[in-house]
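We did not get these values from a lab; they are worked out from the coordinates using the rules stated. Since we're looking at a predicted model, the values are computed, not measured. Every residue, glycine as well, gets a Cβ built from its backbone with ideal geometry; the counts of neighbours run over all protein chains shown.
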Amino acid sequence: MVSKYRKQFNQEFSQEKYEQFKEILKQKSGVETSFRISESPMFLSNKFKDKLIDASESIIDQIKALSPETLQKAIPENCKVPNDTNQPHFFTIDFGICKSENGEIEPQLIELQAFPSLYAFQKIFEDTFCEVYPFLNELKNKMPHEEFRNYVKDLIVGNENPENVILLEIFPEKQKTLIDFVLTEKLLGIKTVCLTKLKKEGRKLFYENEGKLVEIKRIYNRVIFDELDRIPDLKTEFDFREDVDVTWVTHPNWFFKISKFLLPMLKHQFVPKSYFLHEFPENENLENFVLKPLFSFAGSGVNLDPTKEITDAIEDKENYILQRKVTYAPLFEDINGEFSKAEIRLLYIWRENDERPILLENLGRMTKAAMVNVDFNKKDAIWIGSSNAFFVEE
């Protein structure tokens, strides 16, 4: 796609520049990236971007039209957290980059979440591409860094002192997204705190900083609540289901409410047909669908080739969906003349008093494997892993 920029990038690319790119990211954060960084950005047309925005705006409209009662049904009873909010603080939406039957490049919805992604990292990531390949500066996101920071600070820190705001994760030092936590700390002046380190007194939460207890007023939540049950012998003073005097950014209930649970309800030409497993019609062919658990992360539990035996054996069918398969188009040519496929995630924020979310950044994932998640790639392939999209005139 967009051959002028692809040609220039491939001509300028070298392994030395790739190593330099990773070294700059390490210098800016102080840590290694623990997920694979693609050697290349994605070049996409503004025409394709218009299709992305059209689909996203339609999906936002449809979500806003759903009743609170419908959304509440998405939350498992054992995962309900008090003091829910009217809307989430984050909205991310993933599209596969596909080709239609008539050869048009088009997006196809893969997933959507009201859960934070790599907001701080992705901004630095884009900047670093532009440092190593200066010709990319003309394609850069037009939002100045200070404006980006103000948006994120207003959302996460609000009117509080950054000392009273934390990024909450479980064993953050072991998470693949550690680099984003570190860059968020640098961006906002907040601390990352492990769930096991929280102290609770009455309805108030505290963390220890330089030997003193500091009250927590706002929590930038990065814990996937339903995964806590899978950690053996986890000891914490605080349970998410307790009523505490904090503001959640974003409230944990929204992880469930905006999720695969919504896919069967959404309609658009760029939204593949989806069904809850227990509602799958007899006239549809199982071979044309992907089986996905409602609540899983990073591609876990996804079955690309479900059979009747597999679906019949599932007891909690209401917790699974079947989503019509889409064909990712191999569009992104590497220096060896081979092609990668990709998907793109749009990173929105949704401020408390805003009618609609605001698009801040994008995140790309490139692959040569059957699944786009970076864990599924071969170790010796190139043009795979985490990336960034630049939009250009064709």
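Expressed per residue, the C-alpha convex hull volume of region 91-233 stands at 173 Å³. Relative contact order of region 285-360: 23 percent, from C-alpha pairs under 8 Å at least 6 residues apart in sequence.
In percent, rounded to a whole number, the relative contact order of the chain is 25, using alpha-carbon pairs under 8 Å and six or more apart. Comparing Met366, Met143, Met265 in a Gaussian network model of the chain where C-alpha atoms under 10 Å apart are linked, the largest mean-square fluctuation is found at Met143.
With just the Cα atoms defining each centre, how far is region 241-261 from region 9-55? Give it in Å. Distance between centres, Cα-based: 31 Å.
Using C-alpha pairs under 8 Å with a sequence gap of at least 6, the mean separation divided by the residue count of region 274-325 gives a relative contact order of 56 percent.
All distinct Cα pairs of region 274-325 go into the 1/r average, and the inverse of that average, the Kirkwood radius, is 10.9 Å.
Going from the fewest other Cβ atoms within 10 Å to the most, the residues Val302, Val244 appear in the order Val302, Val244. The aspartates and glutamates within cross-link reach of Lys47, meaning a Cα-to-Cα straight distance under 19 Å and a gap of 8 or more places when in the same chain, are Glu57, Asp94, Glu101, Glu104, Glu106, Glu138, Glu343, Glu361, Glu393, Glu394.
Using the count of nearby Cβ atoms within 10 Å as a rough guide to exposure, how do Lys199, Lys235 rank from fewest to most?
Going from least to most buried by this count: Lys235, Lys199.
Calculated on the alpha-carbon coordinates, the convex hull of the chain measures out at 153 cubic angstrom per residue.
Length available on full extension from Lys197 to Arg230: 0.36 nm per residue minus the Cα-Cα distance, which gives 10.0 nm. Among Asn283, Asn141, Asn161, the largest mean-square fluctuation in a Gaussian network model of the chain (Cα springs under 10 Å) belongs to Asn283. Residue order for Asp334, Asp54, fewest other beta carbons within 10 angstrom first, comes to Asp54, Asp334.
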